[in-house]
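For reference, the structure is listed below as structure tokens.
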Amino acid sequence: TLSQEDPVYIEVKLLEKILTDIVKKESVFVCCYATEKVQYIDKYSTKIHITNCQNADIIISDREIPYNNKPVIALNEELLKQLQNAIGGLYWKKGRPQLVFLEDRLKKFNINLPPEYRRFTIKAQNLSQKFIYYDNMVFIAER
């Protein structure tokens, strides 16, 4: 059923699930840095609350950000490679969502993801490999 939904709706629901699993709370305070997704998050999510970067549990961004000590979910592959605080990425490639978490960076922030994310976790040095996880992410978003 999610495959018939608006891709923006799917992305927000994936973010909602991923972010609440990362912080292990029912609702999460997020700083949306240099991204236009704020309007869609406000529209489709009841669990993600937009705040400034100082008060945020986590940052999502599609552009380089000034140094910050918070974990970041990158919204494009290049940013995931660039930012040392990027613990993972959720971005679209060829019309399909791509999800990847970086094992060493998760450890840096003492983040333990639920077992369902194990197949999305790689070492940072393997970041150049291509991964397609569409079917698995639809399952995660539906939960």
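The values are calculated or read from the model by the stated rules, or taken from the named source; none is laboratory data. Please read all numbers here as calculations on a predicted model, not as lab measurements. All Cβ positions, glycine included, derive from the backbone under ideal geometry; neighbour counts span all protein chains shown. SASA here: full protein model, heavy atoms, side chains in, ligands and nucleic acids out. Shrake-Rupley method; radii C 1.70, N 1.55, O 1.52, S 1.80 Å.
Restricting attention to the range 35-49, and to residues there that are closer than 20 Å to residue 79 by Cβ and of a type in the set (Val, Ile, Thr), which single residue is surrounded by the fewest Cβ atoms within 10 Å (Cβ to Cβ)? Once the filter is applied, the top-ranked residue is 38. Can you pull out every residue in the range 71-113 that is in a loop (DSSP other than H, G, I, E, B), open to solvent by less than 60 Å² (accessible area, probe 1.4 Å) and at pLDDT 95 or above? Of everything in the range 71-113, those that are in a loop (DSSP other than H, G, I, E, B), open to solvent by less than 60 Å² (accessible area, probe 1.4 Å) and at pLDDT 95 or above turn out to be 71, 109, 111, 113. Taken as a whole, the structure places residue 35 among residues that are hydroxyl-bearing (Ser, Thr, Tyr) and more than 18 Å from residue 20 (Cα to Cα).
One line per residue, one yes/no per condition, for (1) of a type in the set (Phe, Trp, Tyr); (2) in contact (Cβ under 8 Å) with a residue 40 or more places away in the chain; (3) under 20 Å from residue 127 (Cβ atoms):
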{"residue": "8", "(1), (2), (3)": "no, no, no"}
{"residue": "20", "(1), (2), (3)": "no, no, no"}
{"residue": "24", "(1), (2), (3)": "no, no, no"}
{"residue": "40", "(1), (2), (3)": "yes, no, no"}
{"residue": "57", "(1), (2), (3)": "no, no, no"}
{"residue": "71", "(1), (2), (3)": "no, yes, yes"}
{"residue": "75", "(1), (2), (3)": "no, yes, yes"}
{"residue": "80", "(1), (2), (3)": "no, yes, yes"}
